[in-house]
Amino acid sequence: MATPLEKWVEEASRLTKPERIVWCDGSEAENQRIIGEMLEQSDSVTLNEKTYPNCYLHRSSPNDVARTEHLTFICSRTKDDAGPTNNWMDPGAAKYKLGALLDGAMRGRTMYAVPYIMGPANSPISKAGIEVTDSPYVVANMRIMARMGKVAMDRIGSSSDFVPGLHSTGDLDPTRRYIAHFPEERLIWSVGSGYGGNALLGKKCFALRIASVMAREQGWMAEHMLILGLEAPDGKVTYMGAAFPSACGKTNLAMMVSTLENQGYRVWTVGDDIAWMKIANDGYLHAINPEAGFFGVAPGTGMKTNRNVMGALRHNTIFTNVAMTPEREPWWEGINGAPTAGLINWKNEAWDPSKGTAAHPNARSTVPAHQSPSISPRWEAAEGVPISAFIFGGRRARVAPLVYESFNWQHGVFVGATMASETTAAATGNVGIVRRDPMAMVPFCGYNMADYFGHWLAMGKRIPHPPKIFHVNWFRKSPDGKFLWPGYGENVRVLKWILERVEGRGTAHETPIGYVPARGALTLDGMSIAPAVVDDLMRVDPEDWEQELIDIKEFFQKFADRLPRELHVEHENLSRRLAPTGVAR
Ligand code: OXD
Ligand code: MN
């Protein structure tokens, strides 16, 4: 008798009509075969086998270089359940529309059936899925990003406890591209894109959009957060989850090379993008990284800024849309100085400055997590790691200070719910526009965000030892447009203050928006930064915040009556705290 898994694959093949079906077992021999198939397609090449063994460069179609949020849909029964921040399609209409595109889409092609687990194979927090796809590039990436093949088959067995996902690259025409989620059915259909989050269905589609729905129903959390452990001089490691919008440095923060290592502060990586968290018996929220690899943004990362990331991707890595040197090594802006002669750009053309950047700004590397020199010894712990702090952050040239701490959980939820950031190249659309991106989940929340805020508020009441909530901004600029803070490894100084606050030590100064480090509380030794610049970094400018209040109010109006009352209360509280004094430090 066919299992539910086999039945589902059979159904998907009846629709897409592939020439053959290959069930993936996850073995190395199979991986080499799949990579061979990827290389047969003219869009992928082998990199220098001596300096980058087992590394490949894939060039995606130039119209398919980032997640396409305007083509991403939540197909819940009612539009209101998807909420004002999601695109919605009626589930029946979506099945009809995408069904027509998927009908026969794999004719003459191979359908790969990829069973996978999100999370460590032995963790009770993990969940299983299956992706069927006609792209060998997707299979090779899924093998790095999830535990796939036999281990997942064994877990699923004859149960129906898996999230199915159907993916076909179709003809890559953006007018026929849709990424559709059916939250009530826990189903994903994606057609017309071969790129990252649109096509690796375990990542954004399952681990965030579908999982966020499951988490709310089942009383846990699925968040767009990196997970790191900060080791202190006494050897104790404190774990933190941090949510930043796409391409704001999550991978860099998760794999940070600490500049305070000589003082005994060191960062361990548990995850760089997604956290699944449950309340454990010890009363702490415990987090696992559902992924097994990192799909990080390459540009801006080099030996000088992050040797951990660079060390991780020297073997077994798939690069997407980076440039290539004459020595067939990957290259991108920020890797190591100026571009060299003979560079081939991401579009496979001889590069010259008139052609723009050599690597696409959203170029990526897909690398097994365990290859990171900073990988935490507990990154695959079945019970997850206990989270002591949540950090929200965005890219703000003004307004948000380098770091501040919320007054309590409810205020922290307000801080997360009002996060804003300048847009980046991770999604198609304008870059550099300030947009509200609560908890960095706007592109990834599978249901109405008003209910999502309600879920956060409810979780706060249920967690006996809730994480303290902070906000950071590495990207504040001076009036002449220069970054005030060096970022990268120096960010450990901010993490150190956060740790001290968690432990009830670090000193703070109360402002209307929360606590900022008191003068002298941030460890700055070994760093040349003028005290005036530190003051600028911490400044809470009343005019900026008055404007912020107006913008937040406008944003909240989108959710009408569905917005939890507590967030209105926090808005009023902030407004009251800003009003009397005219603030600042
Ligand atoms: C990602 C994203 O790829 O957030 O992680 O876009
Ligand atoms: Mn992300």
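Laboratory data are not the source of any read-out in this text; all were calculated from the coordinates shown. Bear in mind that the values here come from a model prediction, so they are computed numbers and not experimental data. All Cβ positions, even for glycine, are placed from backbone atoms using ideal geometry, and neighbour counts span all protein chains on display.
Once the other residues with Cβ under 11 Å from the Cβ of D161 are scored (Lys, Arg +1; Asp, Glu -1), what is the net sum?
Charge balance in the 11 Å sphere: +3.
Give the separation of the Cα centroids, region 155-228 to region 321-357, in Å.
Each part's Cα centre sits 33 Å from the other's.
I need the trypsin sites (Lys or Arg not before Pro) found in region 453-558, filtered to DSSP loop residues with at most 10 other beta carbons within 10 Å of theirs.
Here the sparse-neighbourhood loop sites are K482, R505.
Cross-link partners among aspartates and glutamates for K50, C-alpha distance below 18 Å, same-chain residues fewer than 8 apart left out?
E327, E329
Determine which aspartates and glutamates satisfy two conditions relative to K95: a Cα distance under 13 Å, and not lying fewer than 8 residues away in the same chain.
D103, E185
Based on the alpha-carbon gyration tensor of region 6-94 and its eigenvalue square roots a ≥ b ≥ c, which shape applies: rounded if a/c is under 1.5, prolate if not and a/b is larger than b/c, or oblate?
Oblate is the answer for region 6-94, as a/c is 1.5 or above yet b/c matches or exceeds a/b.
In whole Hz, what ³J(HN,Hα) sequence does region 476-482 give by Karplus (6.51, -1.76, 1.60; θ = phi - 60°), x for Gly and Pro?
Computed from phi, the couplings for region 476-482 are 5, 10, 7, x, 8, x, 9 Hz.
When the helix-only estimate is applied to the chain (DSSP H runs of n ≥ 4, each -39,500 (n - 2.57), divided by the residue count), what is the mean residue ellipticity at 222 nm, nearest 500 deg cm²/dmol?
That comes out to -7500 deg cm²/dmol.
Any idea what log10 I(q)/I(0) is at q = 0.07, 0.08, 0.12, 0.13 Å⁻¹ for the chain, Debye with uniform C-alpha scatterers and no solvent?
-0.40, -0.52, -1.22, -1.44
Which residue, chosen from M38, T51, S27, occupies the Cα position most advanced towards the positive end of the dipole of region 1-89, where the dipole is computed from +1 (Lys, Arg) and -1 (Asp, Glu) charges on Cβ about the Cα centre?
Checking the options against the dipole of region 1-89, the answer is M38.
Classify region 396-554 as rounded, prolate or oblate from the Cα gyration tensor: take a ≥ b ≥ c as the square roots of its eigenvalues, call it rounded if a/c is under 1.5, otherwise prolate when a/b beats b/c and oblate if not.
Judged from the Cα gyration tensor, region 396-554 comes out oblate (a/c at least 1.5, b/c at or above a/b).
Per-residue HN-Hα couplings for region 178-186, Karplus 6.51 cos²θ - 1.76 cosθ + 1.60 at θ = phi - 60°, whole Hz, x for Gly and Pro?
9, 10, 10, 10, 10, x, 5, 8, 6
Under 19 Å from the Cα of K347, which lysines turn up, not counting those fewer than eight places away in the same chain?
Straight-line reach from K347, under 19 Å: K355.
For each pair in K150/K461; K304/K482; K250/K482, compute the distance between the two Cα atoms and list the pairs where it is over 28 Å.
Those over the limit are K150/K461.
Please list, in chain and number order, the residues 5+ apart from F444 or on another chain whose amide H is under 5 Å from its amide H, with Hs placed from the backbone.
none
Can you tell which of P18, H568, L102 lies farthest toward the positive end of the dipole of the chain, using +1 and -1 charges on the Cβ of basic and acidic side chains (Lys, Arg; Asp, Glu)?
H568
Hey, which of these cross-link pairs are over 24 Å Cα-Cα: K7/K127; K203/K468; K203/K477; K17/K204?
K203/K468; K203/K477; K17/K204
Given +1 on the Cβ of Lys and Arg, -1 on the Cβ of Asp and Glu, and no further charges, what dipole in debye does region 284-375 carry about its Cα centre, rounded to the nearest 20?
In debye, rounded to 20, region 284-375 gives about 120.
Please give the net charge around T428, taking every other residue with its beta carbon less than 13 angstrom from that of T428, where Lys and Arg add +1 and Asp and Glu add -1.
0
Return the sequence-ordered ³J(HN,Hα) values of region 52-61 in whole Hz as given by the Karplus equation 6.51 cos²θ - 1.76 cosθ + 1.60 applied to θ = phi - 60°, using x for Gly and Pro.
Karplus-based 3J(HN,Hα) across region 52-61 equals 10, x, 6, 10, 9, 10, 10, 10, 7, 4 Hz.
Nearest 20 debye, what's the magnitude of the dipole of the chain about its Cα centre given +1 on Lys and Arg Cβ and -1 on Asp and Glu Cβ?
Approximately 140 debye in magnitude.
Which one of I344, A323, M303 has its Cα pushed farthest toward the positive end of the charge dipole of region 283-351, where Lys and Arg give +1 and Asp and Glu give -1 at the Cβ?
Of the options given, the answer is M303.
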